[in-house]
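Novice: The structure is given below, and queries will be raised subsequently.
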Amino acid sequence: MVAFAVIAVGVGYYVGSVLTKADLNHHTTKWYDRAPLIGAAFGAVALWVVARLIEPDLSAVLAVGVVVLGTAVGTAVGWLAGLVARGRAQSEVKLLTVAEAAAGAVVFAELFWVFYKQVITSITWPSAKQRIPFPQIDVVTGPALEVGGVTIQRSAIFTVAALAVCAVLLWVFINRTRLGRGMQAVSQDPDTARLMGINVDRIIVVAFALGAVLAAIAGISQGFQNNNIDFRMGFLAGLKAFTAAVLGGIGNVYGAVVGGLVLGVVEALATQYIPGQFGGGSWKDVWAFVILILVLVFRPQGLLGARVVDRA
């Protein structure tokens with residue numbers, strides 16, 4: 001309900017801002033210029049929250065009453081907030097606009113709450129703690145292959161192939177496209193890149209989108225290998241991805257690939273060849289982080305990273 005209240009306050013404030021945009025000075029960006037709108041939305045939604053906490057299942061008549069009363073209370077709160085901030089405000093917000101902001105906030109809260117309850121009760125949601133079977137594809141998740149006495153899982157072949165394709169495409173994108181070169185410039189010096197005409201905000205959005213695409217491919221690969229997915233499956237994988245990036249060198253595409261491969265080989269060798277209680281599959285994660293600690297101590301820039309010295 002707290003999330004609904006915050007969203008509703010934002011909607012009410014937005015409605016009031018749109019309706020009163022013609023009345024406000026273009027330079028009124030301080031909170032006290034918008035205090036009546038904020039107070040109106042907050043007061044209306046606060047009354048709605050109290051009513052819903054007292055009686056979660058309101059009838060239609062009571063819901064309309066809550067909307068009307070919330071509009072009135074929100075208008076009063078917004079008017080009082082305007083009086084408090086009047087000494088510093090540069091523009092005056094009309095009382096009708098304050099009432100419209102309060103009405104917009106409480107109406108949105110009520111309608112969204114009703115819609116939310118209908119969705120929650122009409123859809124059978126899976127348990128968050130339950131492992132969900134991952135879709136199987138015959139070519140990728142079929143029987144294992146026998147090559148020279150070595151058993152190779154098809155999902156592992158898909159993972160390696162996806163790694164090779166993504167690494168090549170990422171290298172081409174970063175080094176051979178205008179957007180990729182702009183990304184390199186922004187990573188080195190965003191202020192100078194902005195002076196050179198590069199849209200820094202667009203580059204940041206593209207970088208996040210590219211990371212999401214690569215994360216989705218990694219998630220699909222892990223789903224094929226585990227055959228099931230759950231809410232915890234990405235935690236340890238994320239830690240190992242960070243370890244691989246540090247191992248290879250932060251900011252180096254080749255280093256990330258090499259670091260991941262080295263980390264996987266070290267885990268496999270430690271599991272297979274370290275005898276005693278420190279070997280076996282239960283210790284493979286421990287050895288992965290031992291490698292991370294050693295790299296951070298003896299070569300912080302990573303295997304393929306270059307040492308950078310900042311001069312004053």
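Only the coordinates and a few stated rules stand behind these numbers; no lab work does. Only a predicted model underlies this, so the values are computations on that prediction, with no experimental measurement involved. Heads up, the Cβs are rebuilt from the backbone with ideal geometry, glycines too, and the neighbour counts pull from every protein chain shown.
Novice: Please grab the % of Cα pairs in segment 232-312 that end up more than 15 Å from each other.
Specialist: Distances greater than 15 Å cover 58 percent of the Cα pairs.
Novice: Right, something else. So what is the diffusion coefficient of segment 158-239 in µm² per second by Stokes-Einstein at 37 °C and 0.692 mPa s, using a Kirkwood Rh over Cα pairs?
Specialist: In µm²/s, the coefficient rounds to 226.
Novice: Take 94, 240 and order them by how many other Cβ atoms sit within 10 Å, fewest up front.
Specialist: Listing 94, 240 from fewest to most nearby Cβ atoms yields 94, 240.
Novice: Test of understanding: what is the full-extension gain from residue 286 to residue 68, defined as 0.36 nm times their sequence separation minus their Cα-Cα distance?
Specialist: This chain segment gains 72.3 nm when fully extended.
Novice: Using 0.36 nm per residue, how much length does the chain from residue 174 to residue 115 gain when fully extended, once their Cα-Cα distance is taken away?
Specialist: Stretched out fully, the residue 174 to residue 115 stretch lengthens by 16.8 nm.
Novice: Note the full-extension length gain between residue 216 and residue 136 as 0.36 nm times their separation in residues minus their Cα-Cα distance, in nm to one decimal.
Specialist: Result for the pair: 27.2 nm of gain on full extension.
Novice: Between residue 145 and residue 196, with labels modelled 7 Å along Cα→Cβ, what's the label distance in nm to one decimal, could you check?
Specialist: Going by the 7 Å Cα→Cβ label model, 4.3 nm.
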